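J.: Please read through the structure below; I'll follow up with questions.
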Amino acid sequence: MPILHQMQMSGNCYKVRLAAHQLGIALTLKDYGLMDGATRKPEFLKLNPNGRVPLLEFEDRRTLAESGAIIFHLSEGTRLQPASAWDRAQMLQWMFFEQYSHEPYIAVARFWLSYARPEELEKKRHLVPEWHSKGNAALAVMDGHLGTHDWFAGNACSIADIALYAYTHVAAEGGFELGDFPAVSAWISRVKAEPGHIPIEAR
């Protein structure tokens, strides 16, 4: 059984758990602490020199890092990837958007405002307005798309939706008001209703 090296609160790790659960792929979870430095120790760096989770370790000892790459690999040839080449390109477009325009602000605000030590947050407090401004801009782009589409690529839920859902649905923990984005809020409800859905707390 593949081993997912992960942190439970991480949206990036949740993407892998959610995609795997929707596809019926069993994973063994190996947890790392948020502040214990375990991913920087030599034994983990042998598996991923970048020192980050999620990391998926296969039975043959191959390893795959980066949440987008992992869920792309797990979902290849399944219902979580559209059939047409154009829709798959759209899927990747939104996954790149998530990593470049969404996650750096929405996920970062969530971490610092809900999980960081108070004394460390104070060092970053001056960045909060920028995180909120740019995060809200990303949510507005999503809301515009979802005003005329149910999903981000093709006519069904795909890994683009999983990638964007992971941090969006907990964006309130970073101080974002999802009620300002009605199409995003309706989409969150659709994702939650998908077969095999599990909440971020589930293992």
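J.: Positive end of the dipole of the stretch 1-53, charges at C-beta (+1 Lys, Arg; -1 Asp, Glu), about the Cα centre: which of N50, L34, M1 has its Cα farthest in that direction?
T.: N50
J.: Now, a different point. Given I159, G175, S75, which one lies farthest toward the positive end of the charge dipole of the stretch 71-203, if we put +1 on the Cβ of every Lys and Arg and -1 on the Cβ of every Asp and Glu?
T.: The residue sitting farthest along the positive end of the dipole is S75.
J.: Summing -39500 (n - 2.57) over the DSSP H runs of n ≥ 4 in the chain and dividing by its residue number, what mean residue ellipticity at 222 nm do you reach, to the nearest 500 deg cm²/dmol? Provide the component values of the computation, followed by the final result.
T.: Values: 9 runs with 98 residues, N = 203.
Rounded to the nearest 500, the figure is -14500 deg cm²/dmol.
J.: List, in order, the whole-Hz ³J(HN,Hα) value for each residue of the stretch 39-53 obtained from phi through the Karplus relation with A = 6.51, B = -1.76, C = 1.60 and θ = phi - 60°; use x for Gly and Pro.
T.: 7, 9, 7, x, 5, 7, 5, 5, 7, 9, x, 7, x, 9, 10
J.: Something else now. What's the magnitude of the charge dipole for the stretch 51-203 around its Cα centre, counting Lys and Arg as +1 and Asp and Glu as -1 at the beta-carbon? Answer in Debye, nearest 20.
T.: Roughly 160 debye for the stretch 51-203.
J.: Past 28 Å, Cα to Cα: identify those pairs from K15/K41; K46/K123; K15/K46; K123/K192; K41/K123, in the order given.
T.: K46/K123; K123/K192
J.: Find out how many positive minus negative residues lie around I198, taking Lys and Arg as positive, Asp and Glu as negative, among other residues whose Cβ is under 11 Å from that of I198. Let's see the in-between values first.
T.: Numbers: positive: R17, K192, R203; negative: E194, E201.
Surrounding charge for I198 is +1.
J.: Once amide H atoms are built 1.01 Å from N in the peptide plane, which residues 5 or more positions from L29, or in another chain, come under 5 Å H to H?
T.: Answer set, sorted by chain and number: L4.
J.: Let me ask something else. 5 Å is the cut-off here: which amide hydrogens, built 1.01 Å from N in the peptide plane, fall below it relative to L55, excluding neighbours closer than 5 in sequence?
T.: Close amide H contacts, sequence-distant or interchain: H5.
J.: May I ask you to list the chymotrypsin sites (Phe, Trp or Tyr not before Pro) in the stretch 83-115 that are in a DSSP loop and have at most 16 other Cβ atoms within 10 Å of their Cβ?
T.: Passing sites in the stretch 83-115 are Y115.
J.: Heavy-atom accessible area per residue, the stretch 1-103, 1.4 Å probe: how many Å²?
T.: 51
J.: Between Rg and the Kirkwood Rh of the stretch 74-156, both from Cα atoms, what is the Rg to Rh ratio? The partial results should precede the final answer.
T.: Values: Rg = 16.3 Å, Rh = 14.6 Å.
Expressed as Rg/Rh, it is 1.11.
J.: A further question follows. What whole-number distance in Å separates the alpha-carbon centres of the stretch 101-149 and the stretch 1-37?
T.: Their Cα centres are 23 Å away from one another.
J.: Once you order the gyration tensor axes a ≥ b ≥ c over the Cα atoms, which shape class does the stretch 60-115 get: rounded for a/c under 1.5, otherwise prolate or oblate by comparing a/b with b/c?
T.: Note, shape of the stretch 60-115 comes out oblate.
J.: Choose one answer from A83, A172, A137: the residue with the largest mean-square fluctuation in a GNM of the chain with alpha-carbon springs under 10 Å.
T.: A83
J.: Carbon-plus-sulfur fraction of the accessible area of the chain, 1.4 Å probe, in percent?
T.: Heavy-atom surface of the chain belonging to carbon and sulfur, 1.4 Å probe: 55 percent.
J.: Moving to a separate point now. Relative contact order of the stretch 1-111, please, whole-number percent, based on alpha carbon pairs below 8 angstrom and at least 6 residues apart.
T.: Contact order relative to length: 26 percent.
J.: Restricting to DSSP loop positions (anything but H, G, I, E, B) with no more than 12 other Cβ atoms inside 10 Å of their own Cβ, which GluC sites (Glu not before Pro) remain in the stretch 17-120?
T.: E59, E76
J.: A further question on this structure: For the stretch 131-203, what is the charge dipole size about the Cα centre, in debye to the nearest 20, if Lys and Arg each add +1 at the Cβ and Asp and Glu each add -1 at the Cβ?
T.: 120
J.: Cα convex hull of the stretch 1-89: how many Å³ per residue?
T.: 100
J.: Considering only the other residues whose Cβ falls under 13 Å of the Cβ of A153, what net charge follows from Lys and Arg at +1 and Asp and Glu at -1?
T.: Net of charged neighbours comes to -2.
J.: Using the Cβ atoms and a cut-off under 11 Å, what net charge is assigned to the surroundings of M9, where Lys and Arg are +1 and Asp and Glu are -1?
T.: -2
The values are calculated or read from the model by the stated rules, or taken from the named source; none is laboratory data. Being a predicted model, the structure only gives us computed values, none of them experimental. Methodologically, a virtual Cβ is constructed for each residue, glycine included, from the backbone with ideal geometry; neighbour enumeration extends over all protein chains shown. With ligands, DNA and RNA removed, areas are computed over all heavy atoms of the protein, side chains included. Shrake-Rupley method; radii C 1.70, N 1.55, O 1.52, S 1.80 Å.
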